[in-house]
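J.: Handing you this structure, nothing more for now.
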Amino acid sequence: MKIVEVSSNKKYEINISRVDKADLDTITSERHFFDWKKEKTYEILKLTIAGEKDILGLVSFECIDEEKRIHIRLLAASEENVGKDKIYDDIIGNLLAFVAQQAVLKYAEWACISLRPKTQLAEHYITKYKMNVTGMTLSLEVPEILELIERYSNED
Amino acid sequence: MNEMANEVVDSRYSSSREQRDEAQQLMEKRKLRMSKLSRAEVFKAKLMQLKLQMEEFLRAPVYDNKPHFTTFLETYIDTLYDKRSEFAKDIAVTPVSLSQVLNNHREPKEEFMLKLMVHSERAFKLIGSFHKKIWYQVYFQEKINETMASQEQWRPEVEKKIKFESFA
């Protein structure tokens, strides 16, 4: 999985791993938009460039096994990586693809990830990630969820 | 905050009732979408799951004596075939020798591994990405795991036979 430096188009290998207690002490809501400590009862993952410690993106989610679904609670790239002047692109896509992998790993053909962006942002997610709409909820299932995983996978 | 530009999402439900209502709606839609999935799409999802399971096993090996290789192989065969004998036929081995491999009564031969690799390359074309060496990696990782997990059994005898003393 890779992210792209917008200015140079250079690609960087990334790691996505669990956030630990020490990470939570360094994460600020100024740079990462939310109070992530409140999410510590859920799974929280961080995205970093391979070999580096700086956290460029975060996602928290809940596995709802009885529905064979993973619901994304919070999702954010770091402050300098959002908007038109972002340094790196594909942070959100990689985090979504990683959560999608977890869903397929657990639920195979029933795999589903869901999220509920604000109305004006929903269109963006529908277009960019081919998400399905159900009321306020956007979701990805087979086959689109597999396409997302493939899109952000490294293998040629 | 301009969410549109930021892609930043706060999806937390405001109440359990909201979550329940939306979940019910979503499940109805998902069942409908599921009913329209083709057989190939279901295969594709199951193969992707298997590939991710094997990758996870390689990434975070657990030192145990469980037969991971044959468990993955069984899943692979049972995903693609109604009968294991059909898989045996497709890779030109006898059903008996396949059964012995699956039951851990016989080690897979080099030729079996090569046939499995080529068969998997074709099957995994459905999901576009497949490491040719993954079956080998799983097989040898399992051997390492077994060896490390059974040190108490083999180490005392082996220690006696090694004459070399440590420098320390």
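J.: Would you call A:ASP85 over 11 Å from the mean Cα position of the chain (by Cα), more than 10 Å from chain B (Cβ to nearest Cβ), at pLDDT below 95 and closer than 28 Å to A:SER8 by Cα?
T.: no
J.: Continuing with this model, one more query. Search the range A:68-127 for residues being of a type in the set (S, T, N, Q) and under 23 Å from B:SER35 (Cα atoms), and hand back the single one that is surrounded by the fewest Cβ atoms within 10 Å (Cβ to Cβ).
T.: Among those residues, the one meeting the criterion is A:GLN102.
J.: Among the residues of the range A:139-146, is any touching a helix residue (DSSP H, G or I) at 6+ places or on another chain (Cβ under 7 Å), more than 7 Å from chain B (Cβ to nearest Cβ) and modelled with pLDDT of 95 or more?
T.: Scanning the range A:139-146 turns up at least one residue that is touching a helix residue (DSSP H, G or I) at 6+ places or on another chain (Cβ under 7 Å), more than 7 Å from chain B (Cβ to nearest Cβ) and modelled with pLDDT of 95 or more.
J.: Then there's this: Given the criteria facing chain B (nearest Cβ under 9 Å), touching a strand residue (DSSP E or B) at 6+ places or on another chain (Cβ under 7 Å) and closer than 24 Å to A:THR137 by Cα, does A:HIS71 qualify?
T.: Yes: the conditions hold for A:HIS71.
J.: Turning to a different aspect of this structure: Among the helices (runs of 4 or more DSSP H) lying completely within the range B:1-119, list those that include at least 2 residues that are more than 14 Å from chain A (Cβ to nearest Cβ) and surrounded by 15 or more Cβ atoms within 10 Å (Cβ to Cβ).
T.: By residue number, B:68-80, B:84-90, B:95-102.
J.: Is there any pair linking a residue in the range A:93-104 that is facing chain B (nearest Cβ under 10 Å) to one that is of a type outside the set (A, V, I, L, M, F, W, C) and assigned to a helix (DSSP H, G or I), with Cβ under 8 Å and at least six apart or on different chains, and which?
T.: Filtered contacts from the range A:93-104: A:GLY93/A:LYS128; A:GLY93/A:TYR129; A:GLY93/A:ARG151; A:LEU96/A:TYR129; A:VAL104/B:GLN49.
J.: Going residue by residue through the range B:54-66, is there one that turns out to be in contact with a Lys or Arg (Cβ under 9 Å, 6 or more places away or on another chain) and more than 30 Å from A:ASP35 (Cβ to Cβ)?
T.: Scanning the range B:54-66, I find no residue that is in contact with a Lys or Arg (Cβ under 9 Å, 6 or more places away or on another chain) and more than 30 Å from A:ASP35 (Cβ to Cβ), so the answer is no.
J.: With the condition kept exactly as written, say whether any residue in the range A:7-28 is in contact (Cβ under 8 Å) with a residue 40 or more places away in the chain and under 19 Å from A:LEU146 (Cα atoms).
T.: Yes, there is a match, as at least one residue in the range A:7-28 is in contact (Cβ under 8 Å) with a residue 40 or more places away in the chain and under 19 Å from A:LEU146 (Cα atoms).
The values are calculated or read from the model by the stated rules, or taken from the named source; none is laboratory data. Computed from a predicted structure; not experimentally measured. Cβ atoms come from the backbone with ideal geometry, glycine included; neighbour counts cover every protein chain shown.
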